[in-house]
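What follows draws every value from the coordinates through simple rules; no lab data is involved. These figures come from a predicted structure and were not determined experimentally. Neighbour counts are summed over all protein chains in view; Cβ atoms, including those assigned to glycine, are modelled from backbone coordinates with ideal geometry.
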Amino acid sequence: MSGRRAAAQELRGAIPEITEAYRDALEDIGSPLAYRDDIWEQCRHQAQSIVDECAQALEGGKRPESPGAGEYTRLLGALRVVQQVPVSESVRAADVLWQAMQTVMMTVLDRVEVEQRAAAVQTVSTAFRVAAGYRLYQGIRAYEEAQRSGTSAEPERGPAPSSDGANAQALGLLTLREREILEAVRAGLTNRLISRRFDISEATVKRHLHNVYRKLGVGSRVQALNTAFPSSKAGVEPLRYARPVRALDHRAPRAISTSRFEAYCVTMNAR
C-alpha cells in the first residue's frame, strides 16, 4: 500500500477524533453551532464530509467529489435563518475545523514518503479550501436569499435589525458579493484572507469595500459594521482561537525543514 493511501485511510479513521476536537473548539469560542444537538449534528455531518474529501484527494491526488453537498448546504443555509444562527458562525467554523485537523495530520503525514510530504500537505490544504469554500459559498447564498424572502414579505417594518443583529435595510443596498465581503470583514478576516476565500484579487476586495462604504455613507470598516450590524457595536469581535492558517496558497510550498504538518502551517502563516 502506498504511503498516501495509508495516510488517507488513517485520516478517515481519525474523523471521530477530529470532530470531537472540532466541537470542543467551537464550545471554547462560544459558537451556537456546538450547543444545540440538532445544529451540531448538521455541523458534524458537514465536517465529516470535508475531512473525507481531504482524504479522497490525498489518496487519489485529484479533486474529490461529494454528491449532494451543494443541495444539502443550500438547505442548511436557509435553515440557519430560522435557527437564528449568524452566517458568520459558518465562516468561523471553517477555520476552527482546519485547526482541529492539525494534530491528526502531523501523525497522518508520517505515513507519506519524506520526499512526497510537501506535495501531500499542499494536496490536503487545497482540498480543504475547495471543500469548505464551496460549502460556504452555497450556504451564504441560501442564507441571504432566505433573509431577503423573509424581509420582502413585510416591507413596511423598516430597518429593524434581523435575528443576527443585521440592519436589513442597510444590507439591502448591497449586492450579494458586497454582503459576502462584509460578512467576512465581520468575521475578522483581512483583505488578503478575503481574497483567498473568494478567489479574487485584493484590489477587487478593496473595490467592493469602497462600494460598501459609499452605499452605507461611511468611511471605514468599523463604521460599515456598526451600520450594517447595529446590535454588535463596535466593530469586529476578536476571535478567541488560533489565527487562521494561511494554507490556501496556490503557490508551490517552500522547502520544509521538518516533517511536522504543524511546523509547515506555522511557516505558511508567517509568510
Gain upon complete extension [residue 192, residue 116; 0.36 nm per residue less C-alpha separation]: 24.5 nm
What is the sum of charges, Lys and Arg at +1 and Asp and Glu at -1, for the other residues whose Cβ falls under 12 Å from the Cβ of residue 10? +1
Amide H proximity to residue 187 below 5 Å, modelled H, separation 5+ or other chain, gives none
Under-5 Å amide H pairs with residue 167, H placed in peptide plane, nonlocal only: 162, 229
Once phi for every residue in region 218-225 is put through the Karplus expression 6.51 cos²θ - 1.76 cosθ + 1.60 (θ = phi - 60°), the whole-Hz ³J(HN,Hα) values, with Gly and Pro written as x, are 10, x, 8, 5, 4, 5, 5, 5
Quick one: net charge of residue 35's neighbours, Cβ under 15 Å, K/R +1, D/E -1? -2
Taking 0.36 nm per residue of separation and subtracting the Cα-Cα distance, what length does fully extending residue 169 through residue 17 add? 50.4 nm
Rounded to the nearest Å, what's the spacing between the alpha carbon centres of region 1-56 and region 164-223? Just the number, please. 29
Could you line up 96, 104, 222 from fewest to most neighbouring Cβ atoms inside 10 Å? 222, 104, 96
Gain upon complete extension [residue 83, residue 28; 0.36 nm per residue less C-alpha separation]: 17.7 nm
Summed over the other residues with a beta carbon less than 9 angstrom from that of residue 209, with K and R at +1 and D and E at -1, the charge totals +2
Ranking of 22, 213 by count of other Cβ atoms within 10 Å, fewest first: 213, 22
Taking other Cβ within 10 Å of each residue's Cβ, how do 73, 190 sort, fewest first? 190, 73
R0 = 51 Å: FRET efficiency of residue 215 with residue 2, Cβ-based, nearest 0.05? 0.45
Can you give the FRET efficiency for residue 222 and residue 35, using 1/(1 + (r/R0)^6), R0 = 25 Å, r = Cβ-Cβ distance, to the nearest 0.05? 0.30
